[in-house]
Amino acid sequence: MEKNKIKHYLIMAASTNHMLRGDQLLKNEGLTTSLVPAPSEYGSVCAIAIKVKTIDLEKAEMILKESDIKLQGIYPEKIKKLSGLVEKLEQSIISDDFLKVLKKIEEGEELSFEDIVTLLKSERRAEKDALFSAADRMRREIIGDVVDVRGAIEFSNICRKDCKYCGVRKSLKDLERYRMNEDEIMEVVHQIHNIGLQTVILQSGEDLWWTPERIVSLIKRVKRETGMRITLSIGERSKEEYALYKKSGADNFLLKIESTNKEIFKFIHPDDDYERRVKCSNDLRELGYLNGSGNIIGLPGQTVEDIAKDILFFKEMGINMIGIGPFLPAKGTPFEKYPPGSVEMTLKAVAVTRIVCKRVFIPATTALASIDKDGQTKALKAGANTIMLINTPTKYRENYQIYSEKNMVDLKSADKAIKEAERKFPPYLRLGGRKDAKHT
Ligand code: SF4
């Protein structure tokens with residue numbers, strides 16, 4: 001392969017620690033890098049690779065070598081061609097526009113805004129089947145069959161904000177509020193570490209009792225006692241705060257944009273400013289977090305074109321984890337009576353996001369599991385590659401419902417979805433527990 005035709009290279013270090021340290025070193029030297037799922041042929045989906053521009057490769061190698069970062073290998077990021085997509089459809093009824101876009105996917109060409117809209121608007125059975133199957137192939141060829149499983153702890157349902165769709169918004173007076181303390185959280189962290197999970201998601205409302213000092217103490221304790229990767233999902237904070245958490249050991253951050261249509265964003269987030277949300281996402285990227293975002297499908301006033309713009313936003317912002325879920329009305333909120341979002345449109349958005357953003361983590365969301373009992377299986381077959389277990393203690397769970405009738409995704413339901421989608425459980429998951437576990 002000619003080097004000048006390759007836009008990016010993927011650097012794989014010998015361990016997660018070396019990978020994260022290496023990525024930070026490169027960023028400190030002013031190189032543009034991103035952390036992406038490792039190629040299936042060189043490691044499991046849970047391994048991460050550092051993506052660098054071809055033009056920066058030599059410099060990156062030098063920096064990593066000088067800092068004793070151990071490398072497993074450096075690989076060109078190949079353009080993914082999916083041959084045979086169109087041939088399969090020769091006997092089917094599909095529109096010319098759809099066929100044109102499918103040919104572009106086959107050739108590994110970039111899709112335009114109009115192409116994305118065409119895919120999202122596909123209505124014929126054969127078109128939808130072709131879209132899901134193209135996304136599924138893209139996922140398989142890029143990151144393999146292993147489903148990455150993560151554990152979430154919703155540690156506080158106290159929030160200073162009043163997002164209109166949210167079932168823990170501050171003006172819900174009847175909601176029983178809770179806040180787990182550090183020891184309670186650590187008990188659950190040890191439980192999920194014991195079954196082999198490698199990533200814990202620490203999620204809460206914007207609860208300012210959890211000061212930077214308290215959050216730093218929690219991050220350090222999780223790292224010290226388990227070494228797990230930490231995803232924070234605690235909302236909008238200053239860049240200094242995000243930097244402090246990164247320095248203390250946080251690895252990933254989830255901060256969803258929900259909608260890139262500024263009017264809808266304002267309507268659903270009375271306390272938020274669109275530009276500030278984007279700035280927070282940019283800050284997180286600059287600080288070297290594995291950066292998560294996502295959107296809600298079926299928000300009031302949302303069009304297919306809005307969803308297409310969301311997908312392009314994820315691509316342009318270099319988002320690494322993209323959560324796409326249907327809108328679900330929550331009791332007692334201003335949106336209580338609004339109709340839920342469509343499962344089918346959510347699945348189409350998942351599929352198109354996989355095709356457009358390629359090497360990213362896409363969860364089969366809890367929201368999908370809540371609206372359709374087979375929702376997670378369907379998402380895994382349409383391009384998704386991760387599942388988030390809800391590990392919040394039972395006594396608190398029912399009070400952390402961003403939307404009503406939230407389904408509890410546990411190991412049993414994840415197992416079912418993974419088997420039904422004919423995918424693989426991650427090798428790190430030990431359902432019998434670890435021998436070296438400190439707690440049970
Ligand atoms: S969506 Fe998040 S920030 Fe908004 S009210 Fe709910 S918990 Fe708070």
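The values are calculated or read from the model by the stated rules, or taken from the named source; none is laboratory data. Quick caveat, the model's predicted, so the values are computed rather than measured. Please note: Cβ atoms are built from the backbone with ideal geometry, for glycine as well, and neighbour counts cover all protein chains shown.
Check the stretch 202-210 and report whether any residue there is more than 16 Å from the ligand (Cβ to nearest atom) and either over 15 Å from the mean Cα position of the chain (by Cα) or in contact (Cβ under 8 Å) with a residue 40 or more places away in the chain (or both). Break it down stepwise before answering.
Residues of the stretch 202-210 that are more than 16 Å from the ligand (Cβ to nearest atom), as a first pass: none.
No, there is no match, as no residue in the stretch 202-210 is more than 16 Å from the ligand (Cβ to nearest atom) and either over 15 Å from the mean Cα position of the chain (by Cα) or in contact (Cβ under 8 Å) with a residue 40 or more places away in the chain (or both).
Listed here are the residues, each with its yes/no results for (1) crowded, with 21+ Cβ neighbours inside 10 Å; (2) closer than 23 Å to Asn291 by Cα; (3) not aromatic (Phe, Trp, Tyr).
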{"position": "Gly167", "(1), (2), (3)": "yes, no, yes"}
{"position": "Lys170", "(1), (2), (3)": "no, no, yes"}
{"position": "Glu184", "(1), (2), (3)": "no, no, yes"}
{"position": "Asn194", "(1), (2), (3)": "no, no, yes"}
{"position": "Ile201", "(1), (2), (3)": "yes, yes, yes"}
{"position": "Ser204", "(1), (2), (3)": "yes, yes, yes"}
{"position": "Asp207", "(1), (2), (3)": "no, yes, yes"}
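Can you tell me which residue in the stretch 238-263 is nearest to the ligand (Cβ to nearest atom), limited to those that are of a type outside the set (D, E, K, R) and in a loop (DSSP other than H, G, I, E, B)? Taking the candidates together, the pick is Leu255. Residues of the stretch 39-52 that are at pLDDT 75 or above and within 13 Å of Ile74 (Cβ to Cβ): Ala49, Ile50, Lys51, Val52.
Report yes if Lys266 is within 16 Å of the ligand (Cβ to nearest atom) and free of Cβ contacts under 8 Å to residues at least 12 places away in the same chain, otherwise no. So that I can check it myself, show each step before the final result.
On the way: within 16 Å of the ligand (Cβ to nearest atom): yes; free of Cβ contacts under 8 Å to residues at least 12 places away in the same chain: yes.
In short, yes.
Matching residues to (1) in contact (Cβ under 8 Å) with a residue 12 or more places away in the chain; (2) over 24 Å from the mean Cα position of the chain (by Cα); (3) part of a helix (DSSP H, G or I):
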residue: Ala126; (1), (2), (3): yes, yes, yes
residue: Lys161; (1), (2), (3): yes, no, no
residue: Ser171; (1), (2), (3): no, yes, no
residue: Glu176; (1), (2), (3): yes, yes, no
residue: Leu197; (1), (2), (3): yes, no, no
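Under the condition of being more than 30 Å from Asn385 (Cβ to Cβ) and touching a helix residue (DSSP H, G or I) at 6+ places or on another chain (Cβ under 7 Å), which residue from the stretch 138-179 is nearest to the ligand (Cβ to nearest atom)?
From the stretch 138-179, those more than 30 Å from Asn385 (Cβ to Cβ) are 158, 160-162, 164, 169-179; that's our starting set.
With touching a helix residue (DSSP H, G or I) at 6+ places or on another chain (Cβ under 7 Å) added as a condition, the list becomes 164, 178.
Numbers: Lys164: 9, Tyr178: 13 Å.
Among those that are more than 30 Å from Asn385 (Cβ to Cβ) and touching a helix residue (DSSP H, G or I) at 6+ places or on another chain (Cβ under 7 Å), it is Lys164.
Look through the stretch 426-440, keep the residues that are out of contact with any Leu (no Cβ under 8 Å at 6 or more places or on another chain) and within 14 Å of Gly151 (Cα to Cα), and return whichever of them is modelled with the highest pLDDT. First the steps, then the outcome.
Step one: list which residues in the stretch 426-440 are out of contact with any Leu (no Cβ under 8 Å at 6 or more places or on another chain), which gives 426-427, 430, 432-440.
Those left that are additionally within 14 Å of Gly151 (Cα to Cα): 426, 430.
Details: Pro426: 88, Arg430: 75.
If we take residues in the stretch 426-440 being out of contact with any Leu (no Cβ under 8 Å at 6 or more places or on another chain) and within 14 Å of Gly151 (Cα to Cα), then Pro426 is modelled with the highest pLDDT.
Applying a threshold of 8 Å to beta carbon distances and a minimum spacing of six or more residues, or different chains, the list of pairs starting in the stretch 233-258 at a residue that is at negative phi and ending at one that is among the polar types (S, T, N, Q) and assigned to a helix (DSSP H, G or I) reads Leu255/Ser281; Ile257/Ser281. Out of the residues in the stretch 211-235 that are part of a loop (DSSP other than H, G, I, E, B) and either under 22 Å from the mean Cα position of the chain (by Cα) or not assigned by TED's automatic domain parsing to the domain that holds Cys159 (or both), state the one that is nearest to the ligand (Cβ to nearest atom). Across the stretch 211-235, the extreme among qualifying residues is Gly235.
If the condition is being aromatic (Phe, Trp, Tyr) and closer than 17 Å to Ser204 by Cβ, then the stretch 241-288 contributes Tyr242, Tyr245, Phe253.
Cβ-Cβ under 6 Å, sequence separation 6+ or interchain: first residue in the stretch 77-97 and outside the structural domain of Leu120 (by TED's automatic domain parsing), partner in a helix (DSSP H, G or I) and of a type in the set (Ser, Thr, Tyr). Which pairs? Every condition considered, no pair remains.
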